[in-house]
Structure formats: structure tokens, C-alpha cells
1. Charges on Cβ only, +1 for Lys and Arg, -1 for Asp and Glu, centred on the Cα centroid of the chain; of PRO409, ALA332, SER275, which one is farthest towards the dipole's positive end?
2. About its Cα centre, what dipole magnitude does the chain give when the only charges are +1 on Lys and Arg Cβ and -1 on Asp and Glu Cβ, stated in debye to the nearest 20?
3. For LEU138 and LYS102, what does the FRET efficiency come to when R0 = 45 Å and r is the distance between their Cβ atoms, rounded to the nearest 0.05?
4. Mind ranking 128-135, 140-147 by how tightly packed they are, going by the mean number of other C-beta atoms within 10 angstrom, highest first?
5. For a bin width of 5 Å, list the pair-distance distribution of segment 182-409 built from all Cα-Cα distances, rounded to whole %.
6. Which net charge results when you count Lys and Arg as +1 and Asp and Glu as -1 among the other residues whose beta-carbon is under 12 Å from that of ARG106?
7. Bin by bin, in steps of 20 Å, what percent of the Cα pairs in the chain do you find, going until the bin that has the longest distance?
8. Could you give the length gained by full extension between ALA249 and ASP308, i.e. 0.36 nm per residue of separation minus their alpha carbon distance, to one decimal place?
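Every number in this text was worked out from the coordinates using simple rules, so none of it is lab data. Owing to the predicted nature of the structure, the values given are computational and were not obtained by experimental measurement. Don't worry about glycine lacking a Cβ; one is built from the backbone with ideal geometry, like all the others, and counts go over all protein chains shown.
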Amino acid sequence: MAHLTALVEASKILNSTLDLDRLLGLILEVATRELGADRGTVYLLDKKAGEIRAKIAQGMESRILRVKVGEGISGKVAETGETIRIVDAYQDARFAQKFDTKSGYRTRSMLCTPIRNKTSEIIGVIQLLNKLEGTFELVDEVFLQALTVHFAIALENAKLHAEVVDRERIRTELELGRQIQQNLLRPPPQRWHRYRLAAKADTCYEVGGDFYDFLPISNSTLWTVIADVSGKGISSALVMSTLQATLRALLVGVHSFERLLEQMNEVVRDFTGGSIYVTLFLALFDSESNKVHYINAGHNPPALVRADGRVELLEEGGTVVGLLPHVKFNRAHVDLFPGDTLVLYTDGVVEASNAADDMFGVEGLVRSVQAARPGSAPDAILARILADVHEFSAGEPPADDQTLVVISPDE
């Protein structure tokens with residue numbers, strides 16, 4: 001009856017918290033008090049690492065204690081799932097004396113049993129040392145095993161709670177990251193001198209690796225860039241933000257078009273170790289000469305749709321940024337006249353697919369531009385392209401970020 005009452009009280013105590021560290025302390029408090037042990041340790045199993053770890057050790061300074069599965073008494077219990085009860089630890093070959101040597105403690109009697117979840121999977125081990133009166137007996141072993149049922153339920157609940165808290169924290173951080181990224185990707189002014197501008201970036205996850213930017217450097221010249229960092233999600237977003245800041249610094253301080261991309265290549269390579277690359281299209285718009293100087297660094301070639309319907313793809317430049325060392329780039333230029341429309345895009349636009357696995361393609365992009373003209377403003381052309389992509393995909397979720405920049409000279 002006393003043990004039954006103790007089990008009920010233990011259940012109440014263990015259900016009083018969902019904090020894992022607090023719970024581990026309560027488990028030890030209950031076990032040592034009810035079984036009259038001098039001290040004890042609760043280990044949690046890390047299968048991937050092949051070890052058990054003590055989050056709290058009663059009677060010892062607070063630290064993480066790691067024991068390989070199969071090592072010592074507690075490691076053997078984690079390995080076999082069998083309870084071990086010892087009258088004299090130093091007479092048992094399985095006992096690892098090094099822990100006593102390190103702590104200065106003298107272990108005599110021991111009781112160690114696994115903690116199993118509802119599917120009988122071992123999730124931890126509880127070890128009690130030195131019964132204060134006599135040695136641990138079979139009745140203590142049975143009672144401790146009964147206690148571990150309550151321990152396991154409480155531990156699983158605490159772990160589930162921690163996972164929910166972690167997911168909520170990650171969701172909150174991703175939402176904050178999305179807001180920060182959207183602030184970095186603000187829409188351009190609708191007009192800059194004789195150019196009309198529009199841009200939009202839609203990510204397939206909370207954050208993405210596409211970006212665009214506009215940076216005037218004189219009354220007649222405007223830098224424009226569109227880029228796509230390989231991969232998706234958080235890692236790509238981190239590289240994207242670093243790339244944008246670095247590029248802005250270089251655009252102000254480096255005057256050679258080719259040298260600028262060469263330096264950017266080395267910066268990205270140093271930052272990512274060559275594990276991530278960037279496709280990039282960088283252009284300098286000169287409103288006085290009607291020329292666009294550009295370098296295409298492995299990016300999807302922008303489509304220049306002429307006023308008469310002809311299409312030119314801007315492909316000259318070089319390979320992707322950040323993958324190979326000592327890369328050289330070549331600059332090209334093209335004339336941009338009233339009535340022309342230049343569309344910069346990332347692969348998520350042209351590689352959007354439908355249920356039949358057909359892709360929207362550059363052809364679909366050009367058809368959207370031509371259908372929106374003549375006389376449409378860039379924001380209307382951009383909206384038409386995205387609407388056509390959505391209709392083509394027939395509700396299929398985008399597999400990649402979709403970014404567009406549309407630029408047209410005044411008529």
C-alpha cells in the first residue's frame with residue numbers, strides 16, 4: 001500500500017512540469033527519496049551518438065556526463081535493457097571505477113534500470129547509488145521499474161512540449177526572416193529618369209535565395225542585378241543577404257565591370273567554401289546613350305522583347321559565381337529603345353510546371369510579354385506574367401522561388 005501511494009504521489013509530482021531539466025531533477029528526487037538512495041543519475045539515450053547523457057547528476061557539480069552505450073553499469077543497461085542490482089560495485093567487472101576516481105565518490109551498492117517508452121523502446125537509464133540502510137533488494141528493483149513507467153510518460157510529454165516550443169520558435173524566426181528579406185527586396189520606384197521599373201520576388205518557402213536590387217550611381221546610370229543562390233530556404237537566404245550587402249559595397253568602390261564580378265566570385269567562394277554558387281545578371285543602364293552594359297554570370301538569359309516583336313536573349317558574360325576560383329568575365333552591351341521591354345527572371349518562373357510536367361519556359365514568358373503590350377507599364381506586364389504562370393501551373397505549388405524584374409524605356 002505504501003508503494004502504491006508513493007506511485008500516485010510520484011505521478012502527481014512528475015506531471016507538475018513540462019520543463020525537461022526540471023523534470024529530470026524531480027525524477028531523481030522521487031527515486032532517491034522513495035528508495036533511500038544516497039544519490040543517483042538520470043541518463044537520456046542518444047542513439048545517433050551511441051551514448052547516454054546525464055542532464056542532472058545529484059550530489060555532483062552540474063555538468064554533462066557522457067557514457068558510451070555498453071560502458072560501465074549504466075551503459076550496459078542501455079545496451080541490454082536489463083536491470084542490474086549490485087551489492088558491491090567493486091566486485092563487479094562491469095563497473096567502471098574511473099567515474100569514482102574522477103569524482104572522489106565511493107560507490108558500494110547500485111540499482112540501475114532502463115526507462116522505456118510506451119513502445120518498449122529504451123529512452124534512458126536511471127541509476128541509484130549507495131542505499132542508505134543496507135543494500136538494494138528485489139523489492140526495490142520492482143518498485144523502481146514501476147516508477148520508470150511514470151518517468152517515461154513524463155519524459156515523453158516533456159519532449160513533445162519541447163518540440164512544439166522549438167517549432168513555434170523556428171516558425172517565429174522564419175517569419176521574422178521573411179519580413180527582413182521582404183524589406184531587402186522592396187519594390188523599385190515606378191520610374192527612374194526615362195526608365196519605368198517593376199520587380200517582385202515570391203519565395204516557395206518562408207525565405208529564399210532569389211534577390212534583385214537597383215542602385216543609381218549618377219544622374220544617368222543605374223545598376224540593376226538579379227541573382228539566384230543555389231538551394232532553397234535558410235542557407236540560401238543567408239548567402240543572399242551577404243551577397244546583396246557585398247555587391248552594394250563593390251558597386252560603389254569598384255569601377256571595372258569585369259573586376260567587380262571577379263571579386264564577387266572570390267568573396268562568395270570564400271564565404272561558402274565552394275559548396276554554394278550563385279547565378280547572377282548584372283547590368284548598368286545608361287539613359288543618355290540608350291545602352292545597357294551587362295555581364296551574365298550563368299544566369300537565365302534575360303529576354304529583350306523589341307517593339308517590333310523580335311526577341312533577343314542576353315547570354316554573354318561567364319560562368320556562375322562562387323563555384324570555381326580565378327574566373328574571368330566578359331562584358332557585353334545592347335541598345336534599349338522606347339517600345340522595348342527587358343525582362344529579368346529566375347529559373348523558378350520559366351521552370352514552373354503543370355500536372356503533365358510541362359514547363360512554362362522562355363516561350364511562355366515571351367508570349368505573356370507580347371500579350372500585355374503594346375503600351376503596358378512594367379508592373380502590368382509583370383502581373384500578366386505571374387498570372388499566366390499561375391494559370392499554366394493549374395494550382396501546382398511552386399517548386400522554386402519566382403523573381404521578376406521588368407524594365408521599359410519611355411515611349
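1. It is SER275, whose Cα lies furthest towards the positive end.
2. 1240
3. 0.90
4. Ranked by mean Cβ neighbours within 10 Å, highest first: 140-147, 128-135.
5. 1, 7, 15, 19, 21, 17, 11, 6, 2, 0
6. Working: positive: ARG39, ARG108; negative: ASP38, ASP88, ASP100.
Taking every Cβ under 12 Å from that of ARG106, the sum is -1.
7. For the chain, the pair-distance distribution reads 23, 32, 20, 21, 4.
8. Answer, rounded to one decimal: 17.4 nm.
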